[in-house]
Amino acid sequence: MNQNATRLGKKKLLRVKMSVIIAVFIVLFFGSFNFGRYDGISLWNVVLIFVNKVFPVHGDWPKSFETVVLYIRFPRIIAAVLIGGALALAGTSYQAVFKNPLVSPDILGASAGASFGAALAIFNSFGAVWVQISAFIMSLIAVGCSCFVGGRIKRDPSLALILSGIFVSSLASALVSLMKFLADPLDKLPTITFWLLGTLSNITLTDITWALIPMAVGAVPLILLRWRLNVLSMGDDEAKALGIETKRLRFVVILCSTILTAASISIGGLIGWVGLVIPHLARTIVGSNNKILIPAAIIIGGSFLLLVDNFARSLSSVEIPLGVLTAIVGAPFFITLMLRGKEAS
Amino acid sequence: MVFALKNGVCGYAPNKPILKDINFDVSSGEVLCILGANGAGKSTLFKSMLGLIPILNGVLTVDNESIAGWSRAEIARTIGYIPQANNPPFSYSVLDVILMGRTAYLGLFASPKKEDEEIAEDAIRQLNISRLVDKRYQELSGGEKQLVLIARALAQLPKILIMDEPTAALDFGNQQMVLNQIHKLSQNGLSIIMASHFPDHAFLYSHKALLLKDGGIYSVGRPNDVITEESLRDLYAVETKIINTGIQPRYAATDASDIKICVPLS
């Protein structure tokens with residue numbers, strides 16, 4: 001009886017933790033409208049402006065507030081939440097598939113492939129939309145290559161995939177360097193470089209609408225299959241003996257995670273560390289069971305990128321590239337987590 | 001229930017079979033102990049029985065029905081596998097690990113429900129390990145992990161348990177604890193197939209012994225008949241003296257008048 005009581009207590013504690021995670025996210029979400037160079041928009045005004053969109057209310061805010069809130073900050077905040085959540089989800093899933101908590105969503109070449117796609121499009125003077133599409137497609141192709149090569153290596157399947165991922169990543173990176181070397185140093189080289197640094201400053205609602213489709217395609221199956229990731233992470237033989245068609249499940253998880261990663265990178269540029277750090281952080285809070293870990297990681301990922309992006313756009317007079325800031329925040333943070341090395345029970 | 005392999009050929013590649021002409025059967029309540037030197041093909045045989053590698057020839061049957069067309073989930077509902085205890089990369093709770101045994105009964109998008117937790121509780125009670133439930137799996141000792149893995153296999157509600165050297169890496173006390181549990185499970189009607197490195201374990205706990213050598217069966221039968229000084233010399237290249245201890249067996253498994261033990265001489 002006593003044990004049942006402690007287990008019930010643990011379940012209750014988990015529920016409290018999830019509520020706190022969600023509450024922090026909501027506060028951050030609305031608070032983020034206040035960050036930026038255009039000052040003086042109160043939280044109340046933000047709420048009113050949104051309410052006004054649905055059913056008109058009487059208010060006395062300046063017209064410019066509406067523009068800033070709805071067309072500049074809203075897309076950016078939504079993008080940060082979506083990308084942060086998507087990368088955290090992809091990272092958590094990848095870690096389960098590869099049975100390794102040190103894996104990040106770009107292990108199979110998703111980032112390097114996207115970089116090459118973007119660099120190629122910029123080099124050929126394609127428009128912004130084509131840069132995104134090219135990045136997305138090249139990212140998928142790169143991961144496809146890794147899987148194709150990895151399937152041919154006669155070793156433990158996840159190790160084989162990691163090996164071929166390293167190979168594909170460095171090949172794509174070399175091609176990016178080649179593009180940079182050949183690009184016009186006054187015009188295209190800086191564009192490529194800035195794209196690679198990652199930023200959300202140019203994002204529009206249209207970008208987000210288009211990115212939402214692949215993100216939903218990637219996220220929904222992963223969220224539905226999340227409990228099975230526990231079993232898959234025990235290793236191939238055990239998972240098979242427990243009744244899982246590991247090959248098929250691994251394929252679905254890798255495909256969905258890759259689509260998520262590719263969609264994120266194609267609109268936000270290279271934003272590293274989120275997919276590695278957030279799963280760890282979430283594990284220290286809610287534990288390793290993917291049933292709870294995955295929703296927690298998505299929300300924490302969204303909150304994290306939102307917070308970092310707020311700093312990116314308000315720390316200095318010039319905007320700091322988001323990818324740079326996630327690395328500056330992420331690396332020491334990760335080391336701290338590793339050194340503390342405790343997981344929630 | 002009878003689990004059987006007929007004319008089995010096992011291996012990783014069709015042109016390079018590792019084991020040939022494998023025939024045996026295990027009925028409900030029987031313990032089959034598989035003995036053989038390292039590299040004799042025990043692991044290959046296990047992987048074939050579990051469907052982890054396709055069987056190259058022959059047929060695996062449960063009650064004379066071939067399991068060749070079964071899905072992984074169907075196999076998992078009949079055959080429980082207990083691997084050697086290892087460390088998973090993530091720190092799951094003991095209950096999380098035991099609930100994984102319910103995978104084969106859950107829909108693709110489902111996670112364990114109240115009923116599944118009750119079945120897990122039954123397994124926990126059966127093995128008497130409720131003291132472990134609230135711990136982290138990674139923090140357990142080797143013997144405790146082995147018991148948790150047995151509980152996970154029991155949550156599959158199988159008819160057959162396959163154990164890959166359940167006592168490897170366990171100390172003397174934990175070995176007996178695990179083996180006693182195995183014996184109890186067989187008395188509850190489960191068929192158990194286990195690999196072992198200790199002929200003594202076969203004497204103590206098994207109804208049948210299967211000896212593997214040179215890519216085939218060396219002999220199969222009651223432990224007292226097939227584990228002899230001669231067969232151990234052939235299998236392991238060790239001179240052994242087998243002694244009747246005069247101690248009455250606690251279990252009627254071996255239907256011997258007293259327990260035998262092996263003493264290596266060379």
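If I require 24 Å or longer along the helix axis, counting alpha carbons, and a Kyte-Doolittle average no lower than 0.0, what helices from chain A are left? Use full DSSP H segments.
The answer, listed by residue number, is A:2-31, A:74-97, A:128-152, A:157-182, A:205-232, A:246-268, A:290-314, A:322-340.
Past the 28 Å Cα-Cα mark, which pairs from A:K154/A:K291; B:K47/B:K145; A:K154/B:K6; B:K6/B:K145?
The pairs that break the limit, which is 28 Å between Cα atoms, are A:K154/A:K291; A:K154/B:K6; B:K6/B:K145.
If each of A:K247 and B:N128 carries a label point 7 Å out from its Cα toward its Cβ, how far apart are those two points in nm?
Spacing of the two 7 Å Cα→Cβ label points: 4.4 nm.
Which of these, A:V329, A:V54, A:V220, has the largest mean-square fluctuation under a Gaussian network model of chain A (Cα springs below 10 Å)?
Maximum among the listed residues: A:V54.
For region B:2-228, build the charge dipole from Cβ charges (+1 Lys, Arg; -1 Asp, Glu) around the Cα centre, then report which of B:C33, B:A68, B:I192 sits farthest towards its positive end.
B:A68
Restricting to bridges with both residues inside chain B, how much of the DSSP beta-bridge set is antiparallel, in percent to the nearest 5?
Given both bridge residues lie in chain B, the antiparallel proportion sits at roughly 60 percent.
At 0.36 nm per residue, and after removing the present C-alpha to C-alpha distance, how many nm does the segment from B:E65 to B:A37 gain when stretched out fully?
6.9 nm
In deg cm²/dmol, rounded to 500, what helix-only [θ] at 222 nm does chain B give when every DSSP H run of at least 4 residues adds -39500 (n - 2.57) and the total is split over its residues?
-9000 deg cm²/dmol
Run the numbers for B:D200 and B:K135: contour at 0.36 nm per residue of separation, minus the present Cα-Cα distance, in nm.
Value of the extension gain: 20.1 nm.
Hey, got the dipole for chain B? About the Cα centre, +1 on K and R Cβ, -1 on D and E Cβ, debye to the nearest 20?
320
Residue by residue through region B:18-23, which ³J(HN,Hα) values in whole Hz follow from phi under the Karplus form 6.51 cos²θ - 1.76 cosθ + 1.60 (θ = phi - 60°), with glycine and proline marked x?
For region B:18-23, the Karplus curve yields 8, 10, 10, 6, 8, 10 Hz.
Please state the charge dipole magnitude for the protein assembly as shown, taken about the Cα centre, from unit charges on C-beta atoms (+1 on K and R, -1 on D and E), reported in debye and rounded to the nearest 20.
Computed about the Cα centre, the dipole is about 920 debye.
Expressed as an acute angle from 0 to 90° and rounded to the nearest 10, what is the orientation of the C-alpha long axis of helix B:172-187 relative to the principal long axis of chain B?
80
Would you please classify the overall shape of region A:1-157 from the alpha carbon gyration tensor, given that a ≥ b ≥ c denote the square roots of the eigenvalues, rounded means a/c under 1.5, and beyond that prolate means a/b larger than b/c while oblate covers the rest?
Because a/c hits 1.5 or more and a/b fails to exceed b/c, region A:1-157 counts as oblate.
Of A:P332, A:L163, B:Q248, whose Cα points farthest to the positive end of the dipole of the protein assembly as shown (charges on the beta-carbon: +1 Lys, Arg; -1 Asp, Glu; origin at the Cα centre)?
Of the options given, the answer is A:P332.
Taking springs between alpha-carbon atoms closer than 10 angstrom, which of B:R152, B:R72, B:R131 fluctuates most in the Gaussian network model of chain B?
B:R131
Starting from 0 in steps of 5 Å, tell me what percent of the Cα-Cα pairs of region A:77-344 lands in each bin.
Percent of pairs per bin, in order: 1, 7, 13, 18, 19, 18, 12, 7, 3, 1, 0, 0.
If the only charges are +1 at each Lys and Arg Cβ and -1 at each Asp and Glu Cβ, what is the size of the charge dipole of region A:77-344 around the Cα centre, to the nearest 20 debye?
It works out to roughly 660 debye.
Once the Cα atoms of helix B:142-154 and of chain B are each reduced to a long axis, what angle between those two axes, in degrees from 0 to 90 to the nearest 10, is obtained?
Between the helix axis and the principal axis of chain B, the angle is about 70 degrees.
In region A:7-109, which trypsin sites (Lys or Arg not before Pro) are in a loop and have at most 10 other Cβ atoms within 10 Å, using DSSP for the loop call?
Within region A:7-109, the qualifying trypsin sites (Lys or Arg not before Pro) (loop, at most 10 other Cβ atoms within 10 Å) are A:R37.
Neighbouring Cβ atoms within 10 Å as the yardstick, rank B:H183, B:H207 fewest first.
The fewest-first ordering by Cβ neighbours comes to B:H183, B:H207.
Could you pull out every residue, at least 5 positions away or on a different chain, whose amide H is within less than 5 Å of the one on B:K213? Hs are placed 1.01 Å off N in the peptide plane, and Pro or chain starts have none.
Close amide H contacts, sequence-distant or interchain: B:Y218.
What shape does chain B have by the C-alpha gyration tensor, where a ≥ b ≥ c are the square roots of the eigenvalues, rounded means a/c under 1.5, and otherwise prolate means a/b greater than b/c and oblate the rest?
Here chain B falls in the oblate category.
Take the residue pairs B:K113/B:K135; B:K20/B:K159; A:K99/B:K16; A:K240/B:K135; A:K17/B:K113; A:K240/B:K159 and return only those whose Cα atoms are more than 28 Å apart.
A:K99/B:K16
When Cβ neighbours within 10 Å are restricted to other protein chains, what is their mean count per residue of peptide A:280-292?
That works out to 3 on average.
Quick note: the coordinates plus some simple rules give every number you see, no bench work behind them. What you see is a predicted model; the values in this text were computed from it and never measured. Reconstructed Cβ throughout: ideal geometry from the backbone, glycine too, with neighbour counts over all protein chains shown.
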